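Data first, discussion second: the structure below is written as structure tokens.
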Amino acid sequence: MLDMRRREFISLLGGAAAWPLAARAQQPAMPLVGFINGGSPDAATSFGAAFRKGLAETGYVESQNVTVEYHWLDGRYERLPSLMAELVRRRVDVIATPGATPAALAAKAATTTIPIVFGVAEDPVKLGLVASLAKPGGNATGINFFAQEIVAKRLGLLHELVPKAVRVAVLVKPAARSRPRSHPS
């Protein structure tokens with residue numbers, strides 16, 4: 001009788017030990033997100049941090065239930081076609097291009113099936129990323145910061161605040177441009 005109970009107990013433990021393995025074997029692979037930014041990891045840490053925060057707010061935690069593969073272009077936009085081809089070949093689940101208009105355009109040119117989430121300063125309809133703001137259609141969606149449209153509003157507000165101002169100076173950081181530029185090799 002004692003021998004039979006021991007065998008039942010060992011069988012129970014053996015079966016229970018296999019449950020986590022069986023459950024793990026049935027779980028689908030974690031979604032893979034291809035994150036592309038035009039800057040460098042050092043200069044664009046806020047993009048990565050904000051992206052991780054947004055994922056966490058929607059229930060996704062890196063390395064727990066989502067994998068994010070970061071690609072920093074360091075201003076070398078000529079790498080985009082091969083990078084996008086590689087992401088499409090590997091069938092990532094989503095391509096995220098926050099703050100990188102050239103990357104969003106390259107993603108749109110590379111795939112019509114993989115979802116693309118973008119953040120751009122220009123009008124995404126004029127860029128050809130979406131059909132309309134109300135109904136984007138296709139596989140791309142995102143945020144438009146309307147940066148160009150806001151410039152006129154800012155100047156108007158400045159004029160209201162300082163109506164006698166004759167000159168206005170603008171400081172620009174050329175390296176922060178989102179448009180591709182050629183670089184010497």
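The values are calculated or read from the model by the stated rules, or taken from the named source; none is laboratory data. Computed from a predicted structure; not experimentally measured. Note: ideal-geometry Cβ built from the backbone for every residue, glycine included; neighbour counts use all protein chains shown. The area values use the complete protein model at the heavy-atom level, side chains included, leaving out ligands, DNA and RNA. Shrake-Rupley method; radii C 1.70, N 1.55, O 1.52, S 1.80 Å.
Before moving on, here are some points about what is shown:
- Selection status of Gly138, on the phi > 0 side of the Ramachandran plot, surrounded by 13 or more Cβ atoms within 10 Å (Cβ to Cβ) and in contact (Cβ under 8 Å) with a residue 60 or more places away in the chain: no
- Helices (runs of 4 or more DSSP H) completely within the range 44-152 that count 2 or more residues being under 17 Å from Pro31 (Cα atoms) and modelled with pLDDT of 95 or more: 80-89
- Residue selected from the range 81-117 under the condition of a type outside the set (Gly, Ala, Ser) and within 19 Å of Ala43 (Cα to Cα), by the criterion surrounded by the fewest Cβ atoms within 10 Å (Cβ to Cβ): Pro102
- Among the residues of the range 89-105, those that are in contact (Cβ under 8 Å) with a residue 60 or more places away in the chain and under 21 Å from Val125 (Cβ atoms) comprise Ile95, Ala96, Thr97, Pro98, Gly99, Ala100, Thr101, Pro102, Ala103.
- Scan the range 156-185 for residues that are open to solvent by less than 90 Å² (accessible area, probe 1.4 Å), aliphatic (A, V, I, L, M) and modelled with pLDDT of 75 or more and the total you get is 4.
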